[in-house]
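Everything on this sheet refers to the single structure shown next.
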Amino acid sequence: MAATVGPGLVGSLLVGLTYAKSISIVRNIPLIGVNHIEGHLQAVFLEAEQAGSPIEYPALALVASGGHTHLFEMAGPNRYRLMGKTRDDAAGEAYDKVAKLLGFGYPGGPVLDALAPYGDARGLRLTPAKMKGNVLDFSFSGVKTAMLRWSQSHELQDEIDSRRALQRVSHHPSLEQWLAVTPQPTRDAIAAFQHLVVEEMVKRLQSAVEESGARGVVIAGGVACNTGLRQAATERRVGCPVRFATPGLSTDNAAMIGAAAWPKFDRGEFSDLSLRAQPNLILA
Amino acid sequence: MKTAVYTTHNEDETVALGERLAESWPVPVTILLIGDLGAGKTTLAKGLAAGYGGIRPEDVSSPTFPLIHEYGDPTTVYHIDLYRLDTVAEVESLGLDEIFARPAAVFLEWAERFPLLLPKRRIEICISAQFDESENETRRIEIVEVRA
């Protein structure tokens, strides 16, 4: 019986963990505590093994979602070392907040990803954050603010109103419907935003591969669904094979917790009922 | 009601100000961080977390998605963000009252929209950024001690 112990909201963690403990007692089966972030990663390793092409070590693992942007080096199946993480907004959070300020609703990251190919990234100049200290850390707060300033300095209210009106009549607007209410300058700004965020991730993967001599890269978390990231990381060659979680296993799900629990089961890493929720649990 | 106004000129100064401000109010304390996207709320929270919990500034990131970040064991700092919540019922489900009763420092972003769910004694910090062509990073930080 596996359950998430952290990181996360203590109330949510307690619900799952207490339920898992109850089943573990009643059925008399071992209890395994899982780190949520390890779940995201192990889902990709499980899928790779099932496909008959296991990921080689040392490997790099990027977890990018609404709540996390963490880059790990993995010397082996259970050996994680944190190489970089976001100092402010997570990558997915930047997408969702920019989508909201442009009138695409919240969370609207996937809408921006869908619209980005219809714009010209050269239409808006965005500068990457300068990182003091660890250059493999991430920062997406600056680009979010730049997009806010761009939207405030252009007369966007009418188009933002029409996008909000669209969401009132249609809960899941189609790409064509979104395009109809998104003029070219805004499409260009979205393309520039996507280009910068994707570049920031791909650049760090490239330097981390060089630094660590990694033989495989794993990208997991909701942002692993981003087509811009998938394309850039695959085509631009970060230096070794890149594996993404399939869309169903990218966003939060239960199967990934099972995937992370399986190796622990093999190693006999069981917990007793004193296992507690750890809202600020880290992986490395 | 006591008020004070500060001006900072870059991120490091904002973090340093937060660290100094933490000496002003003993725990338990509830501090509202009020300002638009990109105003510097999380940056000031980094300084406050360093002051209250000895947390490294680079370890404090945005809690928008998880809603609550806890720091320390036992927890000495709660950093809460209600940005993606819309209704009182959603906020109530977080059990904030329980958190306010703990001997900890609690920082809240986007909480001014739910005044009835907040402690009557609290600190409100309004942060605004002055944007111009020179990419100015100047922040105006106004502090109000509320004792309703």
Residues located in the stretch A:1-20, provided they are under 23 Å from residue B:73 (Cα atoms) and in contact (Cβ under 8 Å) with a residue 40 or more places away in the chain: A:3, A:4, A:5, A:6, A:7, A:8, A:9, A:10, A:13, A:14, A:17
Candidates A:99, A:48, A:64, A:43 - the one that is open to solvent by less than 10 Å² (accessible area, probe 1.4 Å), outside the structural domain of residue A:8 (by TED's automatic domain parsing), of a type in the set (Gly, Ala, Ser) and closer than 15 Å to residue A:250 by Cβ: A:64
Flag for residue A:70 being within 14 Å of another protein chain (Cβ to nearest Cβ) and in a helix (DSSP H, G or I): no
Residue check, residue A:151 over 22 Å from the mean Cα position of the chain (by Cα), touching a residue at least 12 places away in the same chain (Cβ under 8 Å) and within 13 Å of chain B (Cβ to nearest Cβ): yes
Hey, residue A:209 among the hydrophobic types (A, V, I, L, M, F, W, C) and touching a helix residue (DSSP H, G or I) at 6+ places or on another chain (Cβ under 9 Å) or not: no
Residue among A:126, A:115 that is open to solvent by less than 70 Å² (accessible area, probe 1.4 Å), touching a Leu at 6+ places or on another chain (Cβ under 6 Å) and of a type in the set (A, V, I, L, M): A:126
Matching residues in the stretch A:138-178 - criterion: being open to solvent by less than 20 Å² (accessible area, probe 1.4 Å) and under 30 Å from residue A:205 (Cα atoms): A:138, A:140, A:143, A:144, A:145, A:147, A:148
Every pair of residues 6+ apart whose Cβ atoms lie under 8 Å, when the first sits in the stretch B:56-78 and is within 14 Å of residue A:139 (Cα to Cα) while the second is open to solvent by less than 40 Å² (accessible area, probe 1.4 Å) and part of a loop (DSSP other than H, G, I, E, B): B:58/A:137; B:61/A:88; B:61/A:89; B:61/A:90; B:62/A:88; B:62/A:89; B:62/A:90
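The values are calculated or read from the model by the stated rules, or taken from the named source; none is laboratory data. Note that this is a predicted model, so its numbers are computed, not measured. With ideal geometry, Cβ positions are generated from the backbone for all residues, glycine too; neighbour counts draw on all protein chains shown. Surface accessibility is based on the protein's heavy atoms, side chains included, excluding ligands, DNA and RNA. Shrake-Rupley method; radii C 1.70, N 1.55, O 1.52, S 1.80 Å.
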